[in-house]
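The values are calculated or read from the model by the stated rules, or taken from the named source; none is laboratory data. Not measured: the values here are computed from a predicted model. Here the Cβ is made from the backbone with ideal geometry for all residues, glycine too, and neighbour counts use every protein chain on show. Accessible surface areas use protein heavy atoms only, side chains included; no ligands, DNA or RNA. Shrake-Rupley method; radii C 1.70, N 1.55, O 1.52, S 1.80 Å.
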Amino acid sequence: TAAPFIHNINVANAADAQFVEVGQQERPPDGGTPFSTLSNGVQVKDFKAGSGASVQTGSKVELTMKGRLINLNGVIFYDTKSNDPNGFGEGTPLIFTVGDGTVLPGLDSGVIGMTKGSIRRIIVPADVGYGKFPSLEPQPLTGTEKRALDSVVKNSRRDQTVMFDVKVNRVR
């Protein structure tokens, strides 16, 4: 009766071999580019190229954007379309001067080099994001968005990394 057990062990070992590479980083799909990591740990990935002058320190930019909490499976905590005072669904863009200290340092560095019409995903770690700078812009526009952000920022056991999908509407 020992022989069937040895046979079953070999079958089990062969089945486990299929899991050897699970979780290992795969190359991006054909045509996909990986994220680039900036010196401050911010990761950026361009999805659409724009045109015109590029964003630099001192540029005044107008952005349409959506912020997501990576720790909460992409729950939205900021959306420029949420701020819609006229009710036409257009929203109000985030406007700031790059480098003036009003927005998260990670977002500041992540938009540098973008041009009008470009779209970029920016992943901001806690040390250049809300973990160290909880009062800087962009701040949630609705009560629901604020509670979502607070549930991560005010809980030190959670990863406070956030992700922004950003489109540049204007560079001055």
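In the set (1) at pLDDT below 95; (2) touching a helix residue (DSSP H, G or I) at 6+ places or on another chain (Cβ under 8 Å); (3) polar (S, T, N, Q), the condition left unmet by Ser109 is number (1).
Residues in the range 110-119 include at least one that is of a type in the set (D, E, K, R) and more than 20 Å from Phe35 (Cα to Cα). Can Val168 be described as of a type in the set (A, V, I, L, M) and closer than 21 Å to Lys45 by Cβ? Here the answer is yes, as Val168 does meet what is asked. In the range 148-159, the residues that are at negative phi reach residues that are assigned to a helix (DSSP H, G or I) and hydrophobic (A, V, I, L, M, F, W, C) with C-beta atoms within less than 6 angstrom, at least six apart or across chains, in these pairs: Arg158/Val152. From the set of residues in the range 141-159 that are within 21 Å of Phe96 (Cβ to Cβ) and part of a loop (DSSP other than H, G, I, E, B), which is least open to solvent (accessible area, probe 1.4 Å)? Across the range 141-159, the extreme among qualifying residues is Thr142. Of the residues examined, Gly91 is not one that is out of contact with any Gly (no Cβ under 8 Å at 6 or more places or on another chain), within 25 Å of Ser36 (Cβ to Cβ) and open to solvent by less than 50 Å² (accessible area, probe 1.4 Å).
Within the range 57-69, at least one residue is surrounded by 15 or more Cβ atoms within 10 Å (Cβ to Cβ), small (Gly, Ala, Ser) and at pLDDT 95 or above. Residue check: Lys116 meets all listed conditions (1) more than 15 Å from the chain's Cα centre (by Cα); (2) over 18 Å from Val44 (Cα atoms) but one, namely (2).
Of Val124, Val103, which residue is more than 18 Å from Ile70 (Cβ to Cβ) and of a type in the set (Val, Ile, Thr)? Every option except Val103 fails the conditions.
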